[in-house]
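*Asks:* A single structure is presented below for examination.
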Amino acid sequence: MLSIVHLSNNDIVGGASRAAYRIHRCLEDNKNDYLLNSSMKVITKYGSDPTVTCLNNNSYLWKRLQPRISKFIKRFYETNNQSAHNIAYPNTGILKEINNNNALNKITHLHWLGDNTISIEEVGKLKGPIFWTLHDQWPFCGAEHYTHPPINKDGLQIHDFRYRKNYSSKSRIFQERGFDINKWTWERKKRSWTKPMNIVATSNWLYDCVKKSSLMKNWPIHLIPYPINTKSWKPINKLHAKNILGIDKTKKVILFGAIGGTKDARKGSHLLEKALKVLTESYSENIENSMQILVFGEASNKKFINNLPVDFLGSFQDDLSLRVIYSAADVMVVPSIQEAFGQTASEAHACATPVVGFKVGGLIDIVSHKETGFLADPYNPQSLAYGINWTLDNQERNKKLSAQARLKAKKHWDSKIIAKKYFDAYNSALSIY
């Protein structure tokens, strides 16, 4: 029997942690079919699942020192890349606890680690076959979790491919100054990770990034999307959902949601605002009275965006509330300029809601253009506005898109399907270990 131990910073707070937990649950829920046991170890536990336990790192000294050391080192580095930067240094002391599990056919499965889960050097000393599901670019990059966004606030293209070039000094772009924290972090990974790990890319975009990276291009890699339990993640009657949220049932609902809401530039809310301006100026004359915008992941007192009424719903951790929100929407807009997968898009599809987004990153895998939504020209607000209008202006088309979105979720991301993909990948790794 396989024994899978997932290692993550936490279990359910943040998109990456929620995805890691779903992978764990999809395996545990199907364990009898595949003869495996799945457990999850985290630094901080927020949920109540008994199969998730906290790592026994109770060192007060380390908890006080680690964030201070990290903050001190980052003081000497300047960048306009707003992505999180983590150095995973120094050692945490949890290596012994993880390696002490001597279960037969044990696999350690890494997820989003952050700064204080386990150090780069400790990762290199983990025993047995190691799997790593990529929730962003950090494992094959330096300290950054995402490279510089491919377009800056002025609309200029940026090509940040240092991860392909060994983080050489010549590859450093002008947006960075001071101590090269990315080069230092990448070189520590190169020195410490001498044994290839099994990489899981959640989208074709991430797969391509890995295959072009200096660090991991020759490592074994699997393409497995995020799972979603389509038995519990299913649509709620749209009129009922709108009624629960207090929305006029005659209004068409445009939904946007992300951790941090409009504050994360990578999620593209600034491009959505421009698209909404185009929408109000170029399409229906009475659009302000026929549409409603919903935003989840952020609380705000703002009442209008470009003359369109908006409700900021705040953050939600429970699936039922999110199902109501997705089901109430006539279209979900995911205007991200970088997206490793696009979990909100797959959640929307599971709830039979079409998605409009840019033709970038993982969204290319999720949204089937003009079948389950619309893929706009990258970073183009006019194209995004056209896609929103195209999705909404024909009721029969919108219903067809909705039905096809639900079918795609069941066919490609259902938990049972993804569990089988992981089971096959684990056995493939064990056979050559």
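*Asks:* Looking at (1) within 19 Å of the chain's Cα centre (by Cα); (2) of a type in the set (F, W, Y); (3) not assigned by TED's automatic domain parsing to the domain that holds G128, can you tell me which one F374 breaks?
*Replies:* Unmet condition: (1).
*Asks:* What is the number of the single condition among (1) touching a Lys or Arg at 6+ places or on another chain (Cβ under 8 Å); (2) modelled with pLDDT of 95 or more; (3) surrounded by 16 or more Cβ atoms within 10 Å (Cβ to Cβ) that L55 does not meet?
*Replies:* Result: L55 passes all but (2).
*Asks:* Please go through region 159-183 and give me each residue that is surrounded by 15 or more Cβ atoms within 10 Å (Cβ to Cβ), modelled with pLDDT under 95 and out of contact with any Ser or Thr (no Cβ under 7 Å at 6 or more places or on another chain), ordered by number.
*Replies:* Matches in region 159-183: S171, R172.
*Asks:* Go through region 351-360 residue by residue and tally those that are in contact (Cβ under 8 Å) with a residue 60 or more places away in the chain and either more than 19 Å from K242 (Cα to Cα) or surrounded by fewer than 24 Cβ atoms within 10 Å (Cβ to Cβ) (or both).
*Replies:* Within region 351-360, residues that are in contact (Cβ under 8 Å) with a residue 60 or more places away in the chain and either more than 19 Å from K242 (Cα to Cα) or surrounded by fewer than 24 Cβ atoms within 10 Å (Cβ to Cβ) (or both) number 3.
Matching residues to (1) surrounded by 15 or more Cβ atoms within 10 Å (Cβ to Cβ); (2) modelled with pLDDT under 85:
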position	(1), (2)
L255	yes, no
A258	yes, yes
G261	yes, yes
R266	yes, no
L271	yes, no
S282	no, no
N286	no, yes
M291	yes, no
F296	yes, no
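*Asks:* While we're looking at this one, here's another question. Hey, could you check region 84-109 for residues that are outside any strand (DSSP E or B) and charged (D, E, K, R) and say which is surrounded by the fewest Cβ atoms within 10 Å (Cβ to Cβ)?
*Replies:* K96
*Asks:* Against the definition (polar (S, T, N, Q), in contact (Cβ under 8 Å) with a residue 40 or more places away in the chain and either in contact with a helix residue (DSSP H, G or I) (Cβ under 9 Å, 6 or more places away or on another chain) or assigned to a loop (DSSP other than H, G, I, E, B) (or both)), how does T230 come out, yes or no?
*Replies:* Yes, satisfied.
*Asks:* Additional query: Might you check whether a residue that is hydroxyl-bearing (S, T, Y) and outside any loop (DSSP other than H, G, I, E, B) occurs anywhere in region 244-263?
*Replies:* Yes, there is a match, as at least one residue in region 244-263 is hydroxyl-bearing (S, T, Y) and outside any loop (DSSP other than H, G, I, E, B).
*Asks:* So which residues in region 413-433 are assigned to a loop (DSSP other than H, G, I, E, B) and either among the acidic types (D, E) or under 27 Å from the mean Cα position of the chain (by Cα) (or both)?
*Replies:* W413
*Asks:* Only residues that are assigned to a loop (DSSP other than H, G, I, E, B) and touching a Phe, Trp or Tyr at 6+ places or on another chain (Cβ under 8 Å): list them for region 54-83, please.
*Replies:* F76, N81, S83
*Asks:* Which members of region 153-210 meet the condition of being basic (K, R) and part of a loop (DSSP other than H, G, I, E, B)?
*Replies:* K153, K165, R172, K195
*Asks:* Among the residues of region 272-297, count how many are part of a helix (DSSP H, G or I), more than 15 Å from D330 (Cβ to Cβ) and not polar (S, T, N, Q).
*Replies:* 8
*Asks:* Still on this structure, please answer the following. In region 298-308, what residues are surrounded by fewer than 16 Cβ atoms within 10 Å (Cβ to Cβ) and over 23 Å from the mean Cα position of the chain (by Cα)?
*Replies:* Hits for region 298-308 are S300, N301, K302, K303, F304, N307.
*Asks:* For region 110-152, enumerate the residues that are hydroxyl-bearing (S, T, Y) and part of a loop (DSSP other than H, G, I, E, B).
*Replies:* Selection gives T117, S119, Y146, T147.
*Asks:* Scan region 144-152 and tell me whether some residue there is crowded, with 19+ Cβ neighbours inside 10 Å and in contact with a strand residue (DSSP E or B) (Cβ under 6 Å, 6 or more places away or on another chain).
*Replies:* Yes, that holds for at least one residue.
*Asks:* Pairs only if they're at least six apart or on different chains, beta carbon under 7 angstrom, first in region 328-348 and at pLDDT below 95, second surrounded by fewer than 24 Cβ atoms within 10 Å (Cβ to Cβ) and aromatic (F, W, Y); list them, first residue then second.
*Replies:* Hits for this filter: I337/Y379; Q338/Y146.
*Asks:* Okay, next question. Can you tell me which of (1) surrounded by fewer than 22 Cβ atoms within 10 Å (Cβ to Cβ); (2) of a type in the set (S, T, Y); (3) farther than 23 Å from F296 by Cα is the one S321 doesn't meet?
*Replies:* All conditions are met except number (3).
*Asks:* Within region 59-82, is there a residue that is touching a strand residue (DSSP E or B) at 6+ places or on another chain (Cβ under 8 Å), under 24 Å from F341 (Cβ atoms), touching a residue at least 24 places away in the same chain (Cβ under 8 Å) and surrounded by 16 or more Cβ atoms within 10 Å (Cβ to Cβ)?
*Replies:* yes
The values are calculated or read from the model by the stated rules, or taken from the named source; none is laboratory data. These numbers were taken from a predicted model, which means no experiment stands behind them. Backbone-built Cβ (ideal geometry, glycine too); neighbour counts: all protein chains shown.
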